[in-house]
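Computed from the coordinates by the stated procedures, all read-outs in this text should not be read as laboratory data. Computed from a prediction, not measured in an experiment: that's the story for all the values here. Reconstructed Cβ throughout: ideal geometry from the backbone, glycine too, with neighbour counts over all protein chains shown.
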Amino acid sequence: MLKYLTGNPECELLPMVSGDCRDVASLHALRFPLPWGQGEFASLLSQDSVFGFVMRQTNAWAGKPLVGFVLSREAAGEGEILTIAVSEKVGRLGLGWRLMQAALNETRLRGAEAMFLEVDSANSPAIALYRKLGFDKVGERPAYYTAQDGTRSTALVMRCNLG
Ligand SMILES: CC(C)(COP(=O)(O)OP(=O)(O)OC[C@H]1O[C@@H](n2cnc3c(N)ncnc32)[C@H](O)[C@@H]1OP(=O)(O)O)[C@@H](O)C(=O)NCCC(=O)NCCS
């Protein structure tokens, strides 16, 4: 309890397994307006080309709560970030960075030469993270996302060289 009250969360990074999908879907629902279900995550993760990592807190009150995850795909020499989220409670502590590094490393090990992702042009925290990791904008998809109120926004397509 003392550790929880006085220090930063201590976390471990692990490969995502099917047993994580319920927690992953719960965190996704907290961080995105259009949540993906537990079954969608399980179905994606069952594909050979798809892999992910989870961050679990090891000094919480009880258990090892999920505080972040990333899901990626590698196929035909190209990687893609499918989704990433970190709990707001532990934002800006470097967990998103560590999750992205794990996904980039695994994608490189699987033989890809580049990683791609799409991000809402209004999502400045995520864009700042991606730029810091070496991603550059390579395209735009106008009116790609639709918010719950019907507002449309542009997706930026970003690319990072893994060579
Ligand atoms: C984007 C997200 C994953 C970042 O996770 P995080 O653990 O808070 O990020 P980190 O602490 O690893 O930050 C790494 C760098 O990213 C940038 N960054 C992260 N959050 C930022 C913020 N709120 N404002 C500005 N820059 C930010 C900074 O450059 C930061 O480095 P610094 O702290 O040394 O300045 C997290 O905000 C999130 O889950 N957002 C909601 C879901 C989402 O938008 N996912 C991306 C969809 S494409």
Subject >> Relative contact order %, the range 43-142, counting alpha carbon pairs below 8 Å whose residues are six or more apart >> reply: 22 percent
Subject >> Sequence-distant residues sharing a close amide H with Met16 (under 5 Å, placed H) >> reply: Gly52, Phe53, Val54
Original post:
Rounded to a whole number of µm²/s, how large is the Stokes-Einstein D of the range 110-163 at 37 °C and 0.692 mPa s, given Rh as the Kirkwood radius over C-alpha pairs?
Top reply: 277 µm²/s
Subject >> Cα long-axis angle, helix 95-109 against the chain (0 to 90 degrees, to the nearest 10) >> reply: 60 degrees
Subject >> Phi-based couplings in Hz for the range 72-78 (Karplus 6.51, -1.76, 1.60; Gly and Pro marked x) >> reply: 9, 9, 10, 8, 6, x, 10
Original post:
Relative to the first principal axis of the alpha-carbon coordinates of the chain, what is the inclination of helix 21-31, with its axis defined by its Cα atoms, in degrees from 0 to 90 and to the nearest 10?
Top reply: 70 degrees
Original post:
Can you list the GluC sites (Glu not before Pro) in the range 94-142 that are in a DSSP coil and have 13 or fewer other beta carbons within 10 angstrom?
Top reply: Glu113
**OP:** Answer rounded, prolate or oblate for the range 36-163, using the Cα gyration tensor with square roots of eigenvalues a ≥ b ≥ c: rounded when a/c is under 1.5, else prolate when a/b is larger than b/c, else oblate.
**Re:** rounded
Subject >> Spin-label pair Lys132/Leu14, simplified geometry with 7 Å Cα→Cβ offset, distance in nm >> reply: 2.6 nm
